[in-house]
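The values are calculated or read from the model by the stated rules, or taken from the named source; none is laboratory data. For clarity, every value in this text was computed on a predicted model and none was experimentally measured. Don't worry about glycine lacking a Cβ; one is built from the backbone with ideal geometry, like all the others, and counts go over all protein chains shown. These accessible areas exclude ligands, DNA and RNA; they are computed on the full protein's heavy atoms, side chains included. Shrake-Rupley method; radii C 1.70, N 1.55, O 1.52, S 1.80 Å.
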Amino acid sequence: MTQDQLLIIFILLVTMVMFIWSRWRHDMVAGSALLACVLVGLIDPQDAFLGFAHPAVVTVACVLVLSRGLQISGAVDILTRHALPKKAGVTLSLAALTGLGAFLSGFMNNVGAMALLMPVAVQLSGRLGLTPGQVLMPLAFGTILGGMTTLIGTPPNLIVSGFRRESIGTGFEMFDFTAVGLSVAVLCVLFIALLGWRLVPARKQPGTEGFETGAYITEARVPKDSKVAGMYLREVEAELDEADAQVIGLVRNEVKVNAPSSGRRIKAGDILVIEADVESLAGVLSALGLELEEAGSSSEDEEDEKAAKTDEDTEQQEDDSESDNNGDGMMLMELVVRAESSLQGRSARDILLRTRYGLNLLAVSREGSRSKARLRTLKIRPGDLLLMQGSEEALAGFAADTGCVPLAERELRIPDRGKALTASLIMLASVAAAAFALLPTAIAFAAGVLASMVLRTVPLRSVYDAIDWPVIVLLGALMPVASVMESTGTATLIAELLMQHVAQGNGPIAIALILTLTMLISSVVNNAATAAAMCPIALGTAAALGVDADAFLMAVAIGASCAFLSPIGHQNNTLILGPGGFKFGDYWRLGLPVSLLVVVISIPLLLLVWPL
């Protein structure tokens, strides 16, 4: 083993550990790996950023923009209303919703498809008498499965195609993935709809109305004229019992007491920390004469925030805040925090929530767990549910800026049939141009983005916001790192070791090994990073066996896409963590059977469609 091979193996091992540790965001880890390769001389400094010009990276960015056009134009909303049955049983309804999610994910970003269909899933769960999680997990898995069916369905497919292009001169075509991917997706969706959903843990009682995936923790101030002032806590708790709510803490003079004594007398100015669902919260506050702390008058935190602004900015923001909080156009919105959200690790006070956005954070729900921190200082995590109050425009802007997904039943999008048709035709034309080789894939979708901008299906101000920049940086940084595995012979070395000690020269066993190993890694590491790391090994394995590499590359594409065992392997799994009330260990109950089914279906199909 050469020095260069030892260096790249060490860098890749550290990179994998950092991905699993999740202390750093994945784009930071990928960038660090790239710089490490440059510093030790594995990558020429002049070639360090060539990955950002890779067709796969360009295509991913363009698909994200076109997906945004389908979202804001209301094209998906129109399709959803017509595609989903109004009155049907559990099996048919889940099959229709999961199938629709899989179909959309084949032609648009699967995270975008998931975000669009989450409110539909929540409403459907109430009609079917299921918990939201029992509908959300099948939908999440369906959107992941759908990404395997086309070239643009998911970044791993584009990465795999890029490695094939570099290896033999041509990449995979638009529908080369369909024969295997569609078969796997259809059979797995049928399994999920018929049986799999029963394996999803029911974290809440079925038959509840609205979005009740987890109890919210909120703070309510006791005003002087409140009926609660002067009452004993046990008397307050007796009234709260009727609304299925409870007091879990009390704040007096900025000191929080967890689990206060029921014999404590409530005073005006106290803050009660109440656990309740969103539907009963308004009734509780009204019956007891309480005020939401974050929706009340300015606190010391707000004054500190305003003091940090210039006088001119403060005056403008106070005017905006006054107009936003005058009672007109105010609404409540539930938002789920994505894994890539800029809110991660920050609190409402850190982001100057009220002065910057004119919004109030009313409550937070986190995997059914409680925090000892005050609401305004609570550090937000991925998967948290936030109950926000503000104008529709301010809430939409906040969701777009911070990377949160709105879950409220109210629509932020008003479908425009003209723009919906235009956005759909642009996407269809881009897919057709790539599918029939009229244009290279990256050029076809770049032309679609330009058409979207000219025809205003995507507002100019939203074009760059639509791109998931951490994913772009991840892809652009890892492309040169992955190429080092080939140039140093490391991929060939690893492949030969696998062949000698595991597969022992057997092609089908080698494919099964590549597929299974990729699936396991993608459950704890970003799927794009997994694909970039495994493609050189797949190519090296095929070379060691002296067979065609297509089946091995397709195995990597399928394995990287099928991250069903944990909430961190795929963004769609993270999205449902809070809304579904799930724990980390809940995913394997449905994820393991689906993963095994993928392996059983994929291997014979790979050998049939892509013979060795």
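Worth pointing out:
- Alpha-carbon centroids, segment 76-133 and segment 146-203: separation in whole Å: 19 Å
- Compared with the dominant Cα axis of the chain, that is its longest principal axis, helix 527-545 is turned about 20°.
- Classification of segment 428-472 by its C-alpha gyration tensor yields an oblate form. The axis ratio a/c (a ≥ b ≥ c) is 1.5 or more, and b/c is at least a/b.
- Taking the Kirkwood radius as Rh and the Cα radius of gyration as Rg, segment 87-177 has a ratio of Rg/Rh equal to 1.14.
- Summarising the amide proton neighbourhood of Tyr216: residues at separation of 5 or more, or on other chains, whose placed amide H is nearer than 5 Å comprise Ala276, Asp277, Val278.
- Cα-based helix-to-principal-axis angle, 26-39 vs the chain, degrees rounded to 10: 40 degrees
- Between Asp270 and Val222, the built amide H atoms are under 5 Å apart, and every one of these is 5 or more places off in sequence or on another chain.
- Summing +1 for each Lys or Arg and -1 for each Asp or Glu among the other residues whose beta-carbon sits under 13 angstrom from that of Arg346 gives +2.
- Charges were assigned to the Cβ only: +1 to each Lys and Arg, -1 to each Asp and Glu. The resulting dipole of the chain about its Cα centre is roughly 1620 debye.
- Highest to lowest packing among 460-470, 506-516, 478-488, 153-163, scored as the average C-beta count within 10 Å: 153-163, 478-488, 506-516, 460-470
- Take each peptide in 391-401, 530-540, count the other Cβ atoms within 10 Å of every residue, and average; sorted highest first, the result is 530-540, 391-401.
- Dividing the convex hull volume of the alpha-carbon atoms in the chain by its residue count gives 167 Å³ per residue.
- The distance from the alpha carbon centre of segment 537-612 to that of segment 3-17 is 24 Å, rounded to a whole number.
- Amide H to amide H distances under 5 Å link Ile380 with Gly345, Arg346, Ser347, where only residues 5 or more positions off or on other chains count and H is placed in the peptide plane.
- For Leu606, net neighbour charge (Lys/Arg +1, Asp/Glu -1) across residues whose Cβ lies under 14 Å away: -3
- Radius 13 Å from Cβ of Ile426, net charge of other residues (Lys, Arg +1; Asp, Glu -1): +3
- Per residue, the average separation of C-alpha pairs within less than 8 Å and at least 6 apart gives the chain a relative contact order of 21 percent.
- Sorting Val337, Val90 by accessible area puts them as Val90, Val337; the probe is 1.4 Å, largest comes first, and only protein heavy atoms count.
- On Cα atoms only, tilt of 311-324 relative to the major axis of the chain in degrees: 80 degrees
- Phi angles across segment 178-188 convert, under the Karplus curve 6.51 cos²θ - 1.76 cosθ + 1.60 with θ = phi - 60°, into 3J(HN,Hα) values of 5, 4, 7, x, 5, 4, 4, 5, 5, 5, 5 Hz, Gly and Pro given as x.
- Three-way shape label, segment 1-45, alpha-carbon gyration tensor, a/c 1.5: oblate
- For segment 374-520, the gyration tensor built on C-alpha atoms gives an oblate shape. Its axis ratio a/c (a ≥ b ≥ c) is at least 1.5, and a/b is not larger than b/c.
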